[in-house]
Amino acid sequence: MRRVVISGKPKNSVQKLFKYLKFYIRLLYILLFYRFDVVYVHTITYPTPPIWLISKIKKLNLFFNVHGVDVLTRSRLAERLKQMCRPLLSECRYIIVPSTYFEQVLLNEFHEINSNKIIVSASGGISSQFFSKRDFSNNNIIKIGFVSRITHGKGWDTFLDALKELDRLNKCYEAFIIGDGEEKHRLINAINQISGSNRINYLGPKGHNELPKFYKLFDLFIFPSESESESLGLVGLEAMAASTPVIGSNIGGIATYINDGENGFLFEPKNSMELANEIIKYMDFSAKEKNHMMNMAYKTALNYESSKVLTTLFDKIFPK
């Protein structure tokens with residue numbers, strides 16, 4: 001097996017150009033001079049030019065993983081690369097998508113694709129370290145968590161507006177916000193302007209391996225993304241693995257695993273009042289109702305456990 005990736009975050013445009021040039025040269029060389037039973041491509045945009053070129057010279061048994069902005073592109077360059085990949089998608093062996101929602105997005109964009117070659121598999125699934133079977137702890141103050149990039153469209157502002165509404169209604173809570181991004185300073189300023197008696201803790205960025213302990217701390221997880229490119233939303237499932245119910249936007253892949261009223265709640269994207277009402281609804285649940293929702297969240301996450309997801313994917317690709 002040979003792996004070709006772009007590693008590390010470039011510090012400037014020159015370094016970025018150099019990294020891509022090195023990536024393309026290595027990919028061209030390996031595809032041209034080595035033989036592979038399978039060529040797995042994790043995105044359909046930026047690796048496309050060398051793959052498209054080599055496909056004109058030799059037969060490649062291509063498996064594409066397609067997700068998010070691969071299809072719902074955000075730049076002219078990404079859109080052009082997507083169109084370049086169109087014939088490759090038609091000719092490839094399998095296309096792997098993270099959710100049934102995104103399967104339909106793909107088919108709507110590429111009408112010529114045979115749906116029989118599409119496999120739904122949840123982006124590698126959830127690592128075992130995230131799983132924790134818990135019962136409701138009868139605390140007086142509910143702990144509410146948010147984990148995301150602090151960027152436009154992730155809904156951090158909707159979350160803060162919902163917390164303001166909880167303050168107005170004298171609801172007790174403690175909130176924890178984890179993440180980093182270009183809107184971090186806006187977030188911090190917005191938190192400082194909230195004058196309620198409750199605590200909002202901005203914890204900054206955390207490593208992926210640190211997240212399980214926080215998911216176990218939360219009584220409720222908020223996933224207010226506004227983006228249609230949320231092809232699955234693995235962060236919500238990671239929270240569920242810790243027996244933490246999720247209140248998420250009724251959008252994209254999020255809506256494929258939140259069963260409203262069972263393992264969490266759905267709300268209209270950007271609607272902070274509806275989000276606040278769903279939080280209050282959970283607050284008002286009895287201990288028995290909270291335990292039931294926690295149990296259902298955990299059971300949902302079990303369907304996305306990594307070894308199960310990868311075994312199922314492998315059996316579909318290489319049937320016995």
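The values are calculated or read from the model by the stated rules, or taken from the named source; none is laboratory data. As the structure is a computational prediction, the values presented were derived from the model and not from experiment. Note: ideal-geometry Cβ built from the backbone for every residue, glycine included; neighbour counts use all protein chains shown. Calculation scope for accessible area: heavy atoms of the full protein, side chains included, ligands and nucleic acids excluded. Shrake-Rupley method; radii C 1.70, N 1.55, O 1.52, S 1.80 Å.
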Using θ = phi - 60° and the Karplus curve 6.51 cos²θ - 1.76 cosθ + 1.60, what whole-Hz ³J(HN,Hα) does each residue of the stretch 258-271 get, with Gly and Pro shown as x?
8, 9, 3, x, 10, 10, x, 9, 10, 9, 5, x, 6, 8
Of Trp52, Pro87, Val97, which is farthest towards the positive pole of the chain's charge dipole, taken about the Cα centre with +1 and -1 on the beta-carbons of Lys, Arg and Asp, Glu respectively?
Trp52
Relative contact order of the stretch 248-320, defined on C-alpha pairs under 8 angstrom at six or more residues apart (%)
25 percent
Between the stretch 66-93 and the stretch 100-141, what is the separation of their alpha carbon centroids in Å?
21 Å
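What number comes out for accessible area per residue over the chain if the probe is 1.4 Å? Units Å², please.
On the way: 16540 Å² over 320 residues.
Accessible area per residue, the chain: 52 Å².
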Quarter of the surface of the C-alpha convex hull for the stretch 1-146, i.e. direction-averaged projected area in nm², equals 13.0 nm²
Could you sort out which of Lys9/Lys308; Lys16/Lys58; Lys9/Lys184; Lys11/Lys184 sit more than 24 Å apart by Cα distance in this structure?
Lys9/Lys308; Lys16/Lys58
Could you give the dipole magnitude of the stretch 1-56 about its Cα centre, charging the beta-carbon of Lys and Arg +1 and that of Asp and Glu -1, in debye to the nearest 20?
260 debye
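Would you mind telling me the share, in percent, of accessible area of the stretch 10-77 contributed by carbon and sulfur at probe 1.4 angstrom?
On the way: 2820 of 4440 Å².
Whole-percent figure for carbon plus sulfur exposure: 64.
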Find the Cα radius of gyration of the stretch 86-196, compare it with 2.2 N^0.38 Å by division, and give the number to two decimals.
1.58
Under 16 Å Cα-Cα from Lys299, which aspartates and glutamates qualify once same-chain neighbours fewer than 8 residues away are excluded?
Asp135, Glu238, Asp260, Glu262, Glu289
For the chain, the fraction of alpha-carbon pairs in successive 10 Å shells from zero, as %:
6, 23, 30, 23, 13, 5, 1
Please state, rounded to one decimal and in Å, the Kirkwood hydrodynamic radius that the stretch 168-303 gives when every pair of distinct Cα atoms enters the mean of 1/r.
15.6 Å
With label points set 7 Å from each Cα along the Cα-to-Cβ direction at Arg80 and Lys133, the distance between them in nm comes to 5.5 nm
Computed for the chain: size of charge dipole around the Cα centre, +1 on C-beta of each Lys and Arg, -1 on C-beta of each Asp and Glu, debye to nearest 20, value 1720 debye
If the reach is capped at under 13 angstrom between alpha carbons, list the aspartates and glutamates near Lys206, excluding any in the same chain fewer than eight residues apart.
Asp180
Cross-link reach list, lysines versus Lys59, counting only Cα pairs under 25 Å and skipping chain neighbours closer than eight places
Lys22, Lys82, Lys117, Lys316, Lys320
Got the relative contact order for the chain handy, in percent, Cα pairs under 8 Å and 6 or more residues apart?
17 percent
